[in-house]
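Only one structure is covered here, and it is reproduced in the block below.
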Amino acid sequence: MRAVIRSIAPALPSRGGKFLGEKFAFALAFFVLLAMPGTADDLGDGKRGAALFAKCKGCHQVGKGAENGVGPHLNELFGRRAGSVAGFKYSKAFQRAGSKGLEWHADTLGTFIANPRSLVPGTRMSFRGYDDPIDQADLLAYLRTFSVSPADIPEADPTARGIDHDVDPAILAIAGDPEYGAYLSSECTTCHQAEDSDAGIPSIVLWPEEVFVIAMHAYKDNARAHPVMNMIAGRLGDEEIAALAAYFATLEH
Amino acid sequence: MKIDRRHFLGTGVAAAVLSAPMVQAASHGKPKVVVIGGGAGGATAARYIAKDSKGEIDVTLIEPTRTYYTCFFSNLYLGGFKELSDIGHTYGSLASSHGINVVHDWAVGVDRDAKTVTLAGGGTVPYDKLILSPGIDFVEGAVPGWDVSAQNKMPHAYKAGSQTELLKAQIGAMPEGGLFVMVAPPNPFRCPPGPYERVSMVAHVLKETNPTAKILIADPKEKFSKQGLFEEGWTNHYGGMVERLGPDFGGDNVTVDPDAMTVDIDGSVEEADVVNVIPAMKAGRIAEIAGVTDGNWAPVNAADMSSKADPDVYVLGDASQQGDMPKSGFSANSQAKVCANAVRGALTGSKVFPARFSNTCWSLITTDDGVKVGATYEATEEKIAKIDGFVSQTGEDAALRKATYEESEGWYAGITADIFG
Ligand SMILES: Cc1cc2nc3c(=O)[nH]c(=O)nc-3n(C[C@H](O)[C@H](O)[C@H](O)COP(=O)(O)OP(=O)(O)OC[C@H]3O[C@@H](n4cnc5c(N)ncnc54)[C@H](O)[C@@H]3O)c2cc1C
């Protein structure tokens, strides 16, 4: 998973730099590198992915009533074991990969789409791969929509999408009180380490204030899904988000 | 760390700040805070008061053990996902980085008139503000046949460390096809999903090493935390291994015989190989000795965690009776920070901000299958009241469950750094 996110990182700013000056582009790429492993779908654009799927359609069906064709159907793909669709005759290569425990998740699918033969040498799938990481993520975002049970909340990668969210410039202009932010931050440091470790849970220190504020409002407005963050951000007011941004932006070690 | 104040414009935040507290001048030298119990609540409170007062407050932390083993993740140790050393923490950096006076001793007495704490070693320690976070003790006679003297035969493993090690060793020594019985506690108790995460972890081990073994839970409760998620996981991963007898089936009528290693559930006697007795709980005994309990727990004011019996005594974590928050390490840590802010304000006149509380409890069901439940809370006149919450859903896909487990590992690293520095 991490590999997918990393490879996407450098391309992101060109996509959603609405509020982001050029000078932040480098910093953002850096933050994305720190991102926790997340599901790749929240990085991708499923609509674009639907168009990209055109290349796959000759062999694979997906969606209601999808059946096996030259390749297996791709419903409920995420989480399933490779080579496990009933009634499909797999290559030896795929049977072996499946019996060794290969499962389809964002990370393995990312690697597979990038270069099918590198992951499953000997696969019959004659597709050279989508090398562009954005294409990969978009395609996965599309396929993911056929895999998720309604109860399944795909949780957002914490850092990748913040800049895509619309926040009123008046909110962005609020100057936060770092002393208040210091108090409020103690609620964050139960999970996020004040040092900049990002294992399992991303680092939140030394973010550019604007990026921090946009990300928090995206959680608050449920534009990004993550139940803990939606809950925490949901009850932070505009002043409080500004205060946290001011505090975390200026921490020194 | 240092704060750059150039953005400090006081934009409307003052409105959120409670009225300026009276500064409580200490009678002699620096104001003194004594914290009893160096666990999730106490160590956090000591650390935040010392860190944020920058030497203006004298902080003493009284804790008998030199290595604190977190109960959180102790089930993962039982399941073979963690080593015991992974969950042990020492007090070195609280002393060295924050100048906290760490005293390794038991507090055995509290004189609230003289404002002193007596230590088992004989000394007395004066305080201006006393913070109690002693965790839990067990209600005597809660499970007939069991008392703490039986804990080496029938461990509770509800305080982590040697008890957890013993339970793990007993599980490892079970004969093929043996029986593991858990006597689950009634509400309220420390870590509502804890017993059921434990069952998952024991099942995980047995499935690998002793697949014909059985797990039987005698439970006095109708329902339990994350029940749907756990039951789904038990069916999917450990089909047929786990059986739970709720109160309808006599799960509330249990007697044990530690010498015979038998458990009597509503008249039917089971011979067991391991019996994990988790009795009903109450506040750590020192809270009762200090005279701040009412029944089993110590009632507190939600705004600052001060005792309803004494404004200079605060009770945190499992021992407190605060309202809607579950008794968890996350809650204790959250309450400690609210309390630290209030205590510092009272002693040095620093700004006191309104209380805010939150909690999230992660549980592991099997490898890479993590679930979570959480909520936020606010202080009302009468209690800490729940505002909003969420819980993982049944039928979630494997990638999300794996991400949730990884998140819990991040949380563990974060909270232990936040507690112990
Ligand atoms: C199996 C299990 C799993 C759990 N999992 C989780 C989880 O995943 N997440 C979570 O948030 N919580 C979890 N918990 C709950 C969590 O461990 C407790 O809620 C938390 O430790 C409470 O903090 P506390 O400060 O109240 O007490 P404790 O952390 O127990 O600390 C109390 C301390 O006080 C000391 N003490 C007691 N009496 C005295 C005295 N007289 N003098 C001096 N010192 C004294 C003790 O030695 C102890 O170190 C779990 C608990 C268990 C048992």
task = State yes or no: is B:G349 more than 16 Å from the ligand (Cβ to nearest atom), surrounded by fewer than 21 Cβ atoms within 10 Å (Cβ to Cβ) and not hydrophobic (A, V, I, L, M, F, W, C)?
result = yes
remark   = Flagged pairs (Cβ under 6 angstrom, 6 or more apart or on separate chains; first in the range B:32-61, under 10 Å from B:N101 (Cα atoms); second assigned to a strand (DSSP E or B) and more than 16 Å from the ligand (Cβ to nearest atom)) are B:D58/B:K32
message = Quick check on the range B:335-346. Is at least one of its residues at pLDDT 95 or above, more than 28 Å from B:R285 (Cα to Cα) and more than 13 Å from the ligand (Cβ to nearest atom)?
response = yes
query = Given the conditions (1) under 25 Å from A:G44 (Cβ atoms); (2) surrounded by 20 or more Cβ atoms within 10 Å (Cβ to Cβ); (3) more than 7 Å from every other protein chain (Cβ to nearest Cβ), which single one is not true for A:V228?
reply = (3)
Options A:A215, A:A199, A:A233, A:A243: the member that is over 20 Å from B:E407 (Cα atoms) and among the small types (G, A, S) = A:A243
task = Please determine, by comparing only the residues of the range B:321-334 that are crowded, with 23+ Cβ neighbours inside 10 Å and more than 8 Å from the ligand (Cβ to nearest atom), which one is nearest to the other protein chains (Cβ to nearest Cβ).
result = B:S334
inquiry  = Please determine whether any residue of the range A:202-225 is surrounded by fewer than 23 Cβ atoms within 10 Å (Cβ to Cβ) and facing another protein chain (nearest Cβ under 7 Å).
reply    = no
remark   = Selection over the range B:35-72 where residues are under 21 Å from B:A120 (Cβ atoms), surrounded by fewer than 24 Cβ atoms within 10 Å (Cβ to Cβ), of a type in the set (V, I, T) and within 9 Å of the ligand (Cβ to nearest atom) yields a count of 1
query = Condition test on B:P354, is it touching a Leu at 6+ places or on another chain (Cβ under 8 Å), away from the ligand (no atom under 16 Å from the Cβ) and under 30 Å from A:P178 (Cα atoms)?
reply = yes
request  = Answer with yes or no whether A:E239 is at pLDDT below 85 and at the interface with chain B (Cβ under 9 Å from one of its Cβ atoms).
outcome  = no
key: Of the criteria (1) over 20 Å from B:S358 (Cα atoms); (2) hydrophobic (A, V, I, L, M, F, W, C); (3) in contact (Cβ under 8 Å) with a residue 60 or more places away in the chain; (4) more than 9 Å from chain B (Cβ to nearest Cβ), which one A:A175 fails   = (4)
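Rundown of residues vs (1) more than 17 Å from A:S126 (Cβ to Cβ); (2) buried (at least 18 other Cβ atoms within 10 Å of the Cβ); (3) in contact with a strand residue (DSSP E or B) (Cβ under 7 Å, 6 or more places away or on another chain), yes/no style:
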residue: A:K55; (1), (2), (3): no, no, no
residue: A:G58; (1), (2), (3): no, no, no
residue: A:V62; (1), (2), (3): yes, yes, no
residue: A:P72; (1), (2), (3): no, yes, no
residue: A:F78; (1), (2), (3): yes, yes, no
residue: A:S84; (1), (2), (3): yes, no, no
residue: A:K89; (1), (2), (3): no, no, no
residue: A:K92; (1), (2), (3): no, no, no
ask   = Across the range B:328-372, what is the number of residues that are within 16 Å of B:V34 (Cα to Cα) and either outside any helix (DSSP H, G or I) or among the charged types (D, E, K, R) (or both)?
value = 2
ask   = Just for the range B:284-316: of the residues that are in contact with a strand residue (DSSP E or B) (Cβ under 7 Å, 6 or more places away or on another chain) and part of a helix (DSSP H, G or I), which one is farthest from B:T376 (Cα to Cα)?
value = B:I289
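The values are calculated or read from the model by the stated rules, or taken from the named source; none is laboratory data. Keep in mind it's a predicted model, so treat the numbers as computed, not measured. Cβ coordinates were reconstructed from backbone atoms using ideal geometry, including for glycine residues, and neighbour counts include every protein chain displayed.
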